[in-house]
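As C-alpha cells, the structure follows; a few thoughts come after it.
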Amino acid sequence: MHDIDERGITAVVADALDIATDGVDGIHVSLDLDWLDPTVAPGVGTPVRGGVDYREAHAALECVANRDRDAGLLRSADIVEVNPILDWDNRTAEVAAELAASLLGNRIA
C-alpha cells in the first residue's frame with residue numbers, strides 16, 4: 001500500500017504489468033476482492049480496513065484493460081471472495097461485476 005500511496009495505483013499496476021508480461025504469451029488476472037476497503041466491498045471473507053477504494057480499483061483494472069488493448073495478452077481472469085452471507089445490500093457482488101466490466105474495457109465516469 002505504501003507504493004500505491006506514494007506513486008499512485010496506475011504507476012504501480014503499470015510496473016507490475018511490465019514484469020508480468022515480459023516474454024510471455026498471455027496473463028491471467030486474479031481479482032481477490034479482499035484488497036478492497038470494506039466500505040467498498042463488505043461481503044468478503046477477510047475484510048481489512050485501509051484497502052483500495054472504488055476509484056483506485058477501477059483505475060487499476062482500466063490500466064490492465066488498456067495494456068490488453070495494446071498487447072492482447074489477457075487470456076483469463078477470475079474474481080474471488082464474494083460472500084453473499086456477509087454482504088450488505090449486494091454491494092460486493094455489484095462492485096465485482098463493475099470491476100469485471102472495467103477489466104474488459106469499460107470506463108467509469
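The values are calculated or read from the model by the stated rules, or taken from the named source; none is laboratory data. Everything numeric here is computed off the predicted structure, so don't read it as measured data. We place every Cβ from the backbone using ideal geometry, glycine too, and count neighbours over all the protein chains shown.
For region 1-14, which residues satisfy the criterion of being exposed (fewer than 14 other Cβ atoms within 10 Å of the Cβ) and aliphatic (A, V, I, L, M)?
Hits for region 1-14 are Met1, Ala11.
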Original post:
Restricting attention to region 73-86, and to residues there that are modelled with pLDDT of 95 or more and charged (D, E, K, R), which single residue is surrounded by the fewest Cβ atoms within 10 Å (Cβ to Cβ)?
Top reply: Asp78
Original post:
How many of the residues in region 35-61 are over 18 Å from Asp5 (Cα atoms) and either in contact with a Leu (Cβ under 7 Å, 6 or more places away or on another chain) or among the charged types (D, E, K, R) (or both)?
Top reply: 4
**OP:** Would you mind telling me which numbered condition in (1) within 23 Å of Met1 (Cβ to Cβ); (2) surrounded by 14 or more Cβ atoms within 10 Å (Cβ to Cβ) Ala101 fails?
**Re:** (1)
**OP:** Residue by residue through region 15-34, note down the ones that are over 19 Å from Asp3 (Cα atoms), exposed (fewer than 12 other Cβ atoms within 10 Å of the Cβ) and more than 9 Å from the chain's Cα centre (by Cα).
**Re:** Asp22, Gly23, Val24, Asp25, His28
Original post:
Going through region 1-55 one residue at a time, which ones are part of a helix (DSSP H, G or I) and among the charged types (D, E, K, R)?
Top reply: Asp3, Asp5, Glu6, Arg7, Asp15, Asp18, Asp34, Arg55
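Just name the residue that is farthest from the chain's Cα centre (by Cα) out of those in region 56-72 that are of a type in the set (A, V, I, L, M) and either closer than 12 Å to Ala14 by Cβ or surrounded by fewer than 16 Cβ atoms within 10 Å (Cβ to Cβ) (or both).
Ala71
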